[in-house]
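*Asks:* Would you mind keeping the following structure in view while I ask a few things?
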Amino acid sequence: MTGDRFYYDLGEKTALDAYHLIDLGVMGRLSHFELSIHIDNLLDADVEQEEGFPLPGRRLWAGVRFWFDL
């Protein structure tokens, strides 16, 4: 969550919108496996951290790890 933000370009001050980002991640283990899932920008908010440079929308990451004992 951000509050008031401003962008300065050649001395001109421009207000940027505040935004909220929600990320969610879950991981679980079962025997020799680990499964994970992570969602960035869960609510698909339109966000510009700097004027003219938007962040990607909602992103999903998934992973699987496996290990064994030698």
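The values are calculated or read from the model by the stated rules, or taken from the named source; none is laboratory data. The model shown is predicted, which means the values in this text are computed figures rather than measured ones. All Cβ positions, glycine included, derive from the backbone under ideal geometry; neighbour counts span all protein chains shown. The area values use the complete protein model at the heavy-atom level, side chains included, leaving out ligands, DNA and RNA. Shrake-Rupley method; radii C 1.70, N 1.55, O 1.52, S 1.80 Å.
*Asks:* Just to confirm a number: summing +1 for Lys and Arg and -1 for Asp and Glu over residues other than Asn41 whose beta-carbon lies under 11 angstrom from that of Asn41, what do you get? Provide the component values of the computation, followed by the final result.
*Replies:* Values: positive: Arg58, Arg59; negative: Asp23, Asp40, Asp44, Asp46.
Overall, the nearby charge balance is -2.
*Asks:* Taking all protein chains as present, what is the carbon and sulfur share of the accessible area of the chain, in % to the nearest whole number, probe 1.4 Å? Please list the in-between numbers first.
*Replies:* Details: 3490 of 6080 Å².
The nonpolar share, carbon plus sulfur, comes to 57 percent.
*Asks:* Further question: So, for the chain, what is the accessible surface per residue at a probe of 1.4 Å, expressed in square angstrom? Don't skip to the answer; put the middle values down first.
*Replies:* Numbers: 6080 Å² over 70 residues.
Heavy-atom SASA per residue in the chain reads 87 Å².
*Asks:* So, one more: Return the loop-located chymotrypsin sites (Phe, Trp or Tyr not before Pro) in region 2-35 (DSSP other than H, G, I, E, B) with at most 12 other Cβ atoms within 10 Å of their own Cβ; answer none if there are none.
*Replies:* For chymotrypsin sites (Phe, Trp or Tyr not before Pro) across region 2-35 that sit outside H, G, I, E and B with at most 12 neighbouring Cβ atoms in 10 Å, the list is empty.
*Asks:* Let me ask another. Would you kindly calculate the mean projected area, averaged across all directions, of the convex hull enclosing the Cα atoms of the chain, in square nanometres?
*Replies:* Working: hull surface 27.8 nm².
The orientation-averaged projected area of the Cα hull of the chain comes to 6.9 nm².
*Asks:* Still on this model: Report ³J(HN,Hα) in whole Hz for each residue of region 58-67, in order, from the Karplus equation J = 6.51 cos²θ - 1.76 cosθ + 1.60 where θ = phi - 60°; Gly and Pro get x.
*Replies:* Each residue's phi maps through the Karplus curve to give 4, 10, 10, 10, 9, x, 9, 10, 9, 9 Hz.
*Asks:* Pull up the DSSP beta bridges for the chain and report the antiparallel fraction as a percent, rounded to 5. Intermediate values should be presented prior to the final figure.
*Replies:* Numbers: 22 of 22 bridges.
Counting DSSP beta bridges with both partners in the chain, the antiparallel share is about 100 percent.
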